[in-house]
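Accompanying notes for the structure given below.
What follows is calculated from the coordinates using simple rules that are stated; it is not laboratory data. Values in this document were obtained by computation on a predicted structure and should not be read as measured data. Methodologically, a virtual Cβ is constructed for each residue, glycine included, from the backbone with ideal geometry; neighbour enumeration extends over all protein chains shown.
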Amino acid sequence: MRDHSSNLNCLNTEAQTALPAAAYERQHDRYNSSRNGITIPYEGLHKPCNQSHAHENELLTKRIERRNKRPAVQDTIIYLLKCTPKEVYIDDLLNGHLYMNAAGYYHGLPGEQGDPLEASMVLPACIYGNYRLPIYCMYTVRENDIVDGSVQIPKRMNREFGCADGWIGIVRYDSFARLIDSHTTGGEEVYAHGAISYGIPGPKLIEEIFQGTICNLLIKTPKYAYQQEYRIIGSNPVECRLRPDTKHPGCKIEEYGHAELDLGSQLTGFSWKTPVSSLTEEQHRLALELPQHA
């Protein structure tokens, strides 16, 4: 069983085992991006990072090492939020039913809901691994995010995810994490869950990613740091097929299946929901009052 306390679980190299070989499917020596037709040489994996990324590489490495240790109280995760355009999606969560899309599904989504570098093995290149594994994304609320019993959510989040008139689900992290852990034992349903770390991996981390001791699905570029994402990663790859892109000859369009995780229990007693319209606007943020915050 993997360690899933409030630190960055999937990056704990002592607790990790490699994903099944099926999850590491790769293309041939050259990969044609299905979105922009850019061809990236596979040998580019062995090129050193440029100097402009050196500082970010160092910061990311230190951040991962620090968060693999026991977190400070103020860094402890207290709540996880889910923002959706429809109330029924929140009801699914509260009923213990998670609808999960493949990591690669997000390659083609518009705005910052999408990420063409999702599942990249070597940021910022489109060299993918684990892209067929299903993921479920939430927003992390830590102790130091809470002021006077409320947390401020960037309005940018609601705009990018089309949730301006939507709903927010709220779950207590500790209870939810224990429930997820019960589906992690043996790795049959959930491979791992943890908070995203934002940065550009350097050569050492890239090597560990290819060895399977660090999960590439829990590292994203700093551009998305405002999303404060927490991610649940399924164990079983979903179906994926490539079909010709009629608008861009020579390119392919990815089409993915999805996965559904039944937690076997409603989140009774540690979950709530509220409409986005009930939040208070404060400059570029929305203030969400949190229930039963100790």
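Worth a mention:
- Under a 5 Å amide H cut-off, with hydrogens placed 1.01 Å from N, residue 251 pairs with 245 among residues at least 5 apart or on other chains.
- For the stretch 140-154, the Karplus equation 6.51 cos²θ - 1.76 cosθ + 1.60, evaluated at θ = phi - 60°, returns couplings of 8, 10, 9, 4, 7, 7, 9, 10, 6, x, 9, 10, 9, 9, x Hz by residue, with Gly and Pro reported as x.
- Highest average packing first - 191-204, 101-114, Cβ atoms within 10 Å: 191-204, 101-114
- Close amide H contacts of residue 285 (hydrogens built in the peptide plane, cut-off under 5 Å, sequence separation of 5 or more or a different chain): 155.
- Relative contact order for the stretch 74-120: 20 percent, from Cα pairs under 8 Å spaced at least 6 residues apart, divided by residue count.
- Cross-link pairs 86/223; 223/247; 82/204; 155/223; 220/252 - those with Cα-Cα distance over 22 Å: 86/223; 223/247; 82/204; 220/252
- Low-density loop positions, GluC sites (Glu not before Pro), the stretch 221-257 - DSSP coil, at most 16 other Cβ in 10 Å: 239
- Radius of gyration over Kirkwood radius for the stretch 92-196, both on Cα atoms: the Rg/Rh ratio is 0.97.
- Legend: P(r) of the stretch 245-294 from all alpha carbon pair distances, 5 Å bins from 0, whole percents, reading 4, 12, 11, 11, 10, 10, 11, 11, 11, 6, 3, 0.
- Phi-based couplings in Hz for the stretch 218-229 (Karplus 6.51, -1.76, 1.60; Gly and Pro marked x): 10, 10, 9, 5, x, 3, 9, 4, 5, 6, 6, 6
- Charge dipole (the stretch 148-227, unit charges on Cβ, about Cα centre) - positive-most of 175, 225, 203: 225
- All Cα-Cα separations within the stretch 135-294 were binned at 5 Å from zero, giving a P(r) of 2, 7, 12, 16, 17, 17, 13, 8, 5, 2, 0, 0, each value a whole percent of the pairs.
- Each label was represented as a point 7 Å from its Cα along the Cα-to-Cβ direction; for residue 204 and residue 182 these points are 4.0 nm apart.
- Here the contact order of the stretch 203-261, divided by its residue count and restricted to Cα pairs under 8 Å and six or more residues apart, works out to 21 percent.
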